[in-house]
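Q: Here it is, the structure in full.
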Amino acid sequence: MMSTRHHPAVFSMSATPSRHSMRLAFLLAALSTIGPFSIDTFLPAMPAIGAALQVSPMQMQQALSVYLLCFSVMMLWHGPVSDAVGRRPVLLVTCFLFGVASLGCALATSLPQLLLFRALQGLCGGAGGVVGRAIIRDSFDGVAAQKLMSHVTMLFSLSPAIAPVVGGFLFGHFGWHSIFLFMAAVGFFLFLFTLLGFTESHPAQRRQKLDAAGLASNYWIIGRQPRFLLLTAAIAFNFAGFFLYIPSAPVFVMRHLGLAHDQFLWLFGPSVCGIMTGAYWSGRMAGRRSARQIVSLGYALMAFGALFNVLHAGFMAPSLPWSVLPLMIYNTGMSLASPSIMIGLMDQFPSLRGTASSLQGFSQTLLSSLVAGLFAPLLWDSPLTLALGMSGFLLFGFLSHTAYRRLASPAAGF
């Protein structure tokens, strides 16, 4: 039996497998950018938006926390709905509604109005990532799936670097409203992109019935599996170590590093370079090194980056490039390990990959919302407390993965 499967029907255009996979990678990466663009583009303008709406910085932080909370809750539904009705309808509806919600944010004149439309953005923003992972596993197996997952990660990782730069440019030249108008344009463009360029990857004969009892049963089946929970925790805590710096970015960049609102690239550029480097190595090493070796190397790099961060923050004043270099190293390791862990996680439930992807995404984003609303405000006043926070999240991620290895059979691979 061949180790990979390929469904040319994913795209309306005929293509060779390599061209097909790259086109699919571009589409899925573009769809996944909705999430980070919704977070990162408005970071440079958060103080100005708060001033315009006459709210405090802590109240303004709710615009991020509400988005992430709704983002995480809806992730429980994106996958199961796509398992039931297909991947394409979910992507079309969520892209269109995201555009509408972004227009609402641009027109908001009070914090409650902004939070309402940010909530709607959050309800739609996670579909691309959740459904995209399911599409990859619909279309490819084994090494091909890991390589495509790595390609998507490489392309997707550009968005956290581009988004704050775009946000800073728009804010500086056209005001904060233009940031949300830009998000609306992204949502409507991706709606047209999906409508014209993507056909269904999940045929009717493979779909699951969608009902409340069945959904609860599926989540119970998945959620009571310790190995799934441990891998989910590992991914979530690993990511939280870096995500801590995203809601803290205005303080870290403008207060600690003394940079301007249009210089967020100093933080996100190296971080994204690390994500792209790790994803590239993951794709190159697929089939040449075992998943266990790849994940172990990823954790070694994350540990080195976290230790470097603590030592520099503890003994040196904030400076460039030394304050951001540890984030690049950490993200290289995180991105190197994540594709192998993610594929192993979803492969535990081959008939419920969309649902498994949703539960994993929900857990990761729920933790991220806690990081944004609770941990970041508590830790962002000092580079050292931020570095210690990163190390603490990494420790929990490592312990979760170590516990998984003790439970898993040797055949699990990592």
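The values are calculated or read from the model by the stated rules, or taken from the named source; none is laboratory data. Quick caveat: nothing in here was measured; it's all calculated off a predicted structure. Using ideal geometry, Cβ is built from the backbone for each residue, glycine included, and neighbour counts are taken over all protein chains shown. Note: accessible area is taken over every heavy atom of the protein model, side chains too, but ligands, DNA and RNA are not part of it. Shrake-Rupley method; radii C 1.70, N 1.55, O 1.52, S 1.80 Å.
Q: Going through the range 249-291 one residue at a time, which ones are among the charged types (D, E, K, R) and either closer than 24 Å to I343 by Cβ or at pLDDT 90 or above (or both)?
A: Selection gives R255, R284, R288, R289.
Q: Report, by residue number, each residue of the range 365-374 that is modelled with pLDDT of 85 or more and surrounded by fewer than 22 Cβ atoms within 10 Å (Cβ to Cβ).
A: Matches in the range 365-374: L370, L374.
Q: Since G397 meets every condition but one in (1) under 16 Å from F228 (Cα atoms); (2) open to solvent by 20 Å² or more (accessible area, probe 1.4 Å), which condition does it not meet?
A: In the conditions (1) under 16 Å from F228 (Cα atoms); (2) open to solvent by 20 Å² or more (accessible area, probe 1.4 Å), G397 misses (2) alone.
Q: Within the range 260-289, can you find the residues that are more than 14 Å from I162 (Cα to Cα), out of contact with any Lys or Arg (no Cβ under 7 Å at 6 or more places or on another chain) and crowded, with 22+ Cβ neighbours inside 10 Å?
A: Hits for the range 260-289 are G274, G278, A279, S282.
Q: Being over 17 Å from N331 (Cβ atoms), touching a residue at least 12 places away in the same chain (Cβ under 8 Å) and either of a type outside the set (F, W, Y) or touching a strand residue (DSSP E or B) at 6+ places or on another chain (Cβ under 8 Å) (or both) is the requirement here; does G314 meet it?
A: On the way: over 17 Å from N331 (Cβ atoms): yes; touching a residue at least 12 places away in the same chain (Cβ under 8 Å): yes; either of a type outside the set (F, W, Y) or touching a strand residue (DSSP E or B) at 6+ places or on another chain (Cβ under 8 Å) (or both): yes.
Criteria met by G314.
Q: Now for a separate question. Within the range 111-119, is even one residue farther than 21 Å from I179 by Cβ and of a type in the set (D, E, K, R)?
A: The answer is no; no qualifying residue exists.
Q: Go through (1) in a loop (DSSP other than H, G, I, E, B); (2) within 26 Å of V73 (Cα to Cα) and name the single condition D381 misses.
A: With respect to (1) in a loop (DSSP other than H, G, I, E, B); (2) within 26 Å of V73 (Cα to Cα), D381 is out only on (2).
Q: Answer yes or no as to whether P36 is crowded, with 24+ Cβ neighbours inside 10 Å and touching a Pro at 6+ places or on another chain (Cβ under 7 Å).
A: Considered against the rule, which asks whether it is crowded, with 24+ Cβ neighbours inside 10 Å and touching a Pro at 6+ places or on another chain (Cβ under 7 Å), P36 comes out as no.
Q: Yes or no: T402 within 27 Å of Y280 (Cβ to Cβ) and in contact (Cβ under 8 Å) with a residue 40 or more places away in the chain?
A: Working: within 27 Å of Y280 (Cβ to Cβ): yes; in contact (Cβ under 8 Å) with a residue 40 or more places away in the chain: no.
Criteria not met by T402.
Q: Looking at A52, A29, A48, A63, can you tell me which residue is within 20 Å of the chain's Cα centre (by Cα), among the small types (G, A, S) and surrounded by fewer than 23 Cβ atoms within 10 Å (Cβ to Cβ)?
A: Result of the check over A52, A29, A48, A63: A29.
Yes or no, residue by residue, for (1) over 22 Å from the mean Cα position of the chain (by Cα); (2) within 24 Å of P36 (Cβ to Cβ):
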position: F239; (1), (2): no, yes
position: Q263; (1), (2): yes, yes
position: G269; (1), (2): no, yes
position: A317; (1), (2): yes, no
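Q: If you check every pair at least six apart or on different chains, which have Cβ atoms under 7 Å apart with a residue in the range 76-90 that is surrounded by 19 or more Cβ atoms within 10 Å (Cβ to Cβ) first and a residue that is at pLDDT below 80 and among the acidic types (D, E) second?
A: So the pair list comes out as G86/E200; R87/E200; R88/E200.
Q: Any chance you could count how many residues in the range 348-362 are open to solvent by 40 Å² or more (accessible area, probe 1.4 Å) and under 23 Å from A240 (Cβ atoms)?
A: Pass one, the range 348-362, residues open to solvent by 40 Å² or more (accessible area, probe 1.4 Å): 348, 350-351, 362.
Filter once more, so that each one left must be under 23 Å from A240 (Cβ atoms): 348, 362.
Residues in the range 348-362 being open to solvent by 40 Å² or more (accessible area, probe 1.4 Å) and under 23 Å from A240 (Cβ atoms): 2 in total.
Q: Among what's in the range 403-414 and is open to solvent by less than 40 Å² (accessible area, probe 1.4 Å) and of a type outside the set (G, A, S), pick the residue that is modelled with the lowest pLDDT.
A: F414
Q: Looking at L336, L301, L352, L327, which one is out of contact with any Ser or Thr (no Cβ under 6 Å at 6 or more places or on another chain) and of a type in the set (A, V, I, L, M, F, W, C)?
A: Exactly one of L336, L301, L352, L327 is out of contact with any Ser or Thr (no Cβ under 6 Å at 6 or more places or on another chain) and of a type in the set (A, V, I, L, M, F, W, C), namely L352.
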